[in-house]
Amino acid sequence: MTSLTGARLPVQLRQSRKQTSGTAEIRPAVLRVRGAQSNGQSARFSPQNKSLGQCPLKASKPGYSLSRSAAATSKERFVVRSGDGATADSNDGFIANIQKNYPWLETTLYFFLWYLFNVKFNILNKQIYNYFPYPWFVSCVHLAVGLAVTLFFWGTRLVKFEKIPDTNFLKLLGPVALCHAVGHSLTNVSFASVAVSFTHTIKTLEPVFSSIGSYLALGTLYSLPVYLSLIPIMAGVAICSATELSFTWLGFSTAMSSNVLFAARAIFSKKLMGTMSPINVYNYVSMFALLICIPPFLYFEGPTLASGMAAAAAKVGQTPFYWDLWNVGLFYHLYNQIAYQALGKVEPVTHAVGNVGKRIFVIGFSILAFGNKLSAQAMIGSAIAVIGAGVYGYLKAQDKGKEEDKKEEEAAEGK
């Protein structure tokens, strides 16, 4: 016999029940643990077997037993066997195996899909505006398709459905949804007015407004290096704007306004985090944002929408036009959802760097896709702004990590 004292066995025993005279009969279950040894030793324990010492696995029903048989493998493997001989491996399926043994592969896949859907969204979005310049309506389409995808994910349980907890959640949700709706719509107005690369360069200024808003609303102060990293962002945007060939005041002002609104959204969203999973917070924000987007769309574009859709269908064909609208909404929702999932898999510093990489990909591919001409100064300005945003995200994430470490140390000292 071999002692299994202190062994941790992360498995759940499955019960095999047999209905007999209206009562459930619990049949014995056997758990095998294959170890690295190959001497054929085995150990069996049950509630009646006390020779194995202390073990964290406790049998809640009489008749359960555990056995360990050693095999020539490099790591222990746990198998549950019921009384009828059926077994269930803890490594349950190919996907679970990948997630357990190759977590870097899963994270890489998230980042790849995040970049892919983001690039596809931005290119297709601009292509639509080239023949159908109705950004307020298209903004509604993005959110409406997202609603359909959300309902599908909830219905198939790919994403766990969570109910709205209370009326306080709705009160907190209102300002977030308002900022998201108007900010998203203004971003699309900018996309329709100027080059995609220019809009994304302006969008790098969002941390500036976020830092100011966090201080005014929450009293949050960051370290000096974090604030200094905002200087190259502002300088890069100024250089790029001064020489941007597609510059218009409408495109510039709407992109800047969306920065303010998204910074406010981030501040208001902090009160919602913790009430439910981040993905479902985003889902509810998108749903309410759709309701808010409809009145402005009807005001700005409603009277001419029918003629605009007829003209677009005549240019590219009715079916391709509707497919473009569906696909752009699908890409928009998926890249946002995957961004949340990627954030849950990596450290904030890695996510910040990844966000900069995403923006570089979007700017680069949009230039290739549309053949936008950039002056040398505009390219240098964009590069400075994007790199500055990356440094800001990195330093801010480091500040957050140090703050969390300090809190843990203070809590430990308090004990």
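Per-structure values
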item	result
Isotropic mean projected area of the C-alpha convex hull, the stretch 191-254 (nm²)	4.7
Percentage of interatomic Cα-Cα distances in the stretch 253-391 larger than 17 Å	77
Equivalent ellipsoid semi-axes, the stretch 111-157, via Cα gyration tensor eigenvalues times 5, rooted, Å	23, 17, 6
Computed lengthening from residue 106 to residue 376, 0.36 nm per intervening residue step minus Cα-Cα distance	93.4 nm
Rg(Cα)/(2.2 N^0.38 Å) for the stretch 364-415, N = residue count	2.04
Inverse of mean 1/r across different Cα pairs in the stretch 104-229, Kirkwood, Å	17.9
Exceeding the 31 Å Cα-Cα cut-off - candidates 163/358; 120/270; 171/400; 100/400; 163/406; 160/315	163/358; 163/406; 160/315
Convex hull volume per residue for the stretch 158-211, taking Cα atoms only, in Å³	140
Pairwise FRET efficiency - residue 313 versus residue 152, Cβ, R0 = 35 Å, nearest 0.05	0.85
Heavy atoms of residue 106 accessible to a 1.4 Å probe, total area in Å² rounded to 10	30
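The values are calculated or read from the model by the stated rules, or taken from the named source; none is laboratory data. The model shown is predicted, which means the values in this text are computed figures rather than measured ones. Here Cβ is always computed from backbone atoms with ideal geometry, including for glycine, and neighbour counts include all displayed protein chains. The accessibility values were calculated without ligands, DNA or RNA, using every heavy atom of the protein model including side chains. Shrake-Rupley method; radii C 1.70, N 1.55, O 1.52, S 1.80 Å.
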